[in-house]
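Structure record follows, encoded as structure tokens.
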Amino acid sequence: MSPRPDPAAPETGAPRVALHLMGVPLHDVTMDETVEWIARWLAEGQPRQVATVNPEFLMKARADPMFRAALAEAGLCIPDGVGVLWAARLRGSRLRERVAGSDLVPRLAREAADRGWRVFFLGAAPGVAERAAAILSARHPVLQVAGCFAGSPAPAEESEIATRIRDVRADIVLVAYGAPGQDLWLARNLVRTGASVGIGVGGSFDFVAGVAKRAPRWVQRLGLEWLHRLVLEPWRWRRQLALPRFAWLVLTGRDAP
């Protein structure tokens with residue numbers, strides 16, 4: 001499927017911004033279109049950052065100007081979360097599809113194997129990136145894994161990590177440091193890595209590696225993936241408090257930063 005550039009600004013090589021929530025742009029793209037935008041940017045060789053935006057992201061961005069600015073500069077902010085689709089409908093904007101980062105990583109592995117893209121797996125707990133890469137390589141034997149490294153989003157490690165990625169000539173960097181760490185890391189370092197596309201993927205490596213269990217598809221379709229994760233990881237309850245606050249801010253129109 002071909003991407004749909006914004007007809008008002010075709011020279012930008014960017015998809016259409018459907019709306020802004022809490023100061024963050026949200027793009028109306030499907031999974032297929034997301035992959036094709038990534039393919040286009042890889043062909044162009046111009047660095048682009050992709051952010052997987054969910055309600056927790058938006059709440060953090062509302063309170064953090066640096067995080068909000070990083071998302072505003074991203075090439076693509078995909079709607080990762082049914083709460084984002086719901087909020088868009090209330091604003092009179094229809095986002096056609098949820099594009100979950102946890103679904104994007106396996107899809108990109110398949111596309112990378114087919115198209116010869118070199119992928120670097122950065123972040124998660126020690127050993128998890130390697131395990132995720134091994135599982136994806138078993139599914140797609142010609143997948144080119146440029147490298148794996150846990151590292152950290154600490155500024156003191158940035159130069160060494162960026163050099164490591166540049167030296168292995170990665171095309172795509174998947175960063176699993178969680179928000180906002182992964183997105184701020186990419187905003188500061190993507191150009192230095194030499195990669196054309198950087199994507200913050202949150203807990204996706206954990207799901208691929210089997211460290212964390214994702215909700216069944218029927219639970220995802222009902223929009224209750226957050227509840228499934230809370231049941232399995234009750235320590236997340238404080239983070240989940242952002243969800244009712246997000247809903248209240250959207251319903252009352254007080255979601256501006």
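The values are calculated or read from the model by the stated rules, or taken from the named source; none is laboratory data. Remember, predicted model here, so these are calculated numbers, not experimental data. Cβ placement follows ideal geometry from the backbone for every residue including glycine, while neighbour counts extend to all protein chains displayed.
Of all residues in segment 164-178, how many are surrounded by fewer than 21 Cβ atoms within 10 Å (Cβ to Cβ) and in contact (Cβ under 8 Å) with a residue 24 or more places away in the chain?
Result for segment 164-178: 4.
Name the single residue that is surrounded by the fewest Cβ atoms within 10 Å (Cβ to Cβ) among those in segment 26-62 being over 26 Å from Ala242 (Cα atoms) and among the charged types (D, E, K, R).
The residue in question is Glu44.
What about Ala215, is it within 14 Å of Ala74 (Cβ to Cβ) and modelled with pLDDT under 95?
Here the answer is no, as Ala215 does not meet what is asked.
Identify, from the list Gly81, Gly23, the residue that is buried (at least 23 other Cβ atoms within 10 Å of the Cβ), at pLDDT below 95 and in contact with a helix residue (DSSP H, G or I) (Cβ under 9 Å, 6 or more places away or on another chain).
One residue alone meets the criteria, Gly81.
Pick from segment 87-111 the residues that are in contact with a Pro (Cβ under 9 Å, 6 or more places away or on another chain) and part of a helix (DSSP H, G or I): which of them is farthest from Ala14 (Cα to Cα)?
Ala87
Please state which one of Ala9, Ala43, Ala61, Ala51 is more than 23 Å from Arg188 (Cβ to Cβ) and at pLDDT 95 or above.
Answer to the check: Ala43.
List the residue pairs whose Cβ atoms are under 9 Å apart, where the first residue sits in segment 182-210 and is on the phi > 0 side of the Ramachandran plot, the second is part of a helix (DSSP H, G or I) and surrounded by fewer than 20 Cβ atoms within 10 Å (Cβ to Cβ), and the two are 6 or more positions apart or on different chains.
Hits for this filter: Gly194/Arg166; Gly194/Asp167; Gly210/Arg131; Gly210/Ile135.
In segment 102-132, how many are touching a Gly at 6+ places or on another chain (Cβ under 6 Å) and surrounded by fewer than 24 Cβ atoms within 10 Å (Cβ to Cβ)?
0
Assuming Val142 fulfils every condition listed in (1) without any contact (Cβ under 8 Å) to a residue 40 or more places away in the chain; (2) among the aliphatic types (A, V, I, L, M); (3) in a helix (DSSP H, G or I) apart from one, which condition is it?
With (1) without any contact (Cβ under 8 Å) to a residue 40 or more places away in the chain; (2) among the aliphatic types (A, V, I, L, M); (3) in a helix (DSSP H, G or I) applied to Val142, the lone miss is (3).
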